[in-house]
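*Asks:* Below: one structure in structure tokens.
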Amino acid sequence: MSKTIELQIGKSQTLIDGLRKNLEELKARGISDADLNKMSEELDLLSKCNSECDALRAELSLKVKKMNAVLNDVKDSFAAKKRIIKVNYPQEAWANYGVMDKR
């Protein structure tokens with residue numbers, strides 16, 4: 001769970017608990033049991049949504065690691081092929097083989 005979400009859930013739950021203890025006094029100020037129940041339901045939903053996001057982050061992390069491994073393979077292959085051209089052909093011919101001289 002992200003720290004921001006965790007902190008907000010904790011603060012909100014503490015507030016709800018405190019408001020419930022003083023509900024009779026707070027009814028005159030417009031706070032009802034239904035309001036507090038709605039807040040609790042929203043906290044439950046927030047927790048559920050955060051769990052779903054955590055699962056997606058974990059899945060994404062695995063996919064990013066896989067992508068980075070493939071990228072490294074592609075870069076290595078590219079460098080090896082480029083090196084063959086640079087070593088065996090004059091610089092003027094490199095462009096014919098798709099090797100651009102950056103100088």
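*Asks:* Please work out which one of (1) open to solvent by 60 Å² or more (accessible area, probe 1.4 Å); (2) in contact with an Asp or Glu (Cβ under 7 Å, 6 or more places away or on another chain) is the condition W94 fails and give its number.
*Replies:* Of the numbered conditions (1) open to solvent by 60 Å² or more (accessible area, probe 1.4 Å); (2) in contact with an Asp or Glu (Cβ under 7 Å, 6 or more places away or on another chain), the odd one out for W94 is (1).
*Asks:* Would you confirm whether any residue within region 20-41 is β-branched (V, I, T) and loosely packed, with under 11 Cβ neighbours inside 10 Å?
*Replies:* Scanning region 20-41, I find no residue that is β-branched (V, I, T) and loosely packed, with under 11 Cβ neighbours inside 10 Å, so the answer is no.
*Asks:* Further, regarding this structure: Among the listed residues A69, A58, A95, identify the single one that is more than 30 Å from D17 (Cα to Cα), out of contact with any strand residue (DSSP E or B) (no Cβ under 8 Å at 6 or more places or on another chain) and at pLDDT below 95.
*Replies:* Every option except A95 fails the conditions.
The values are calculated or read from the model by the stated rules, or taken from the named source; none is laboratory data. What you see is a predicted model; the values in this text were computed from it and never measured. Note that each Cβ is placed from the backbone with ideal geometry, even for glycine, and that neighbours are counted across all protein chains shown. SASA here: full protein model, heavy atoms, side chains in, ligands and nucleic acids out. Shrake-Rupley method; radii C 1.70, N 1.55, O 1.52, S 1.80 Å.
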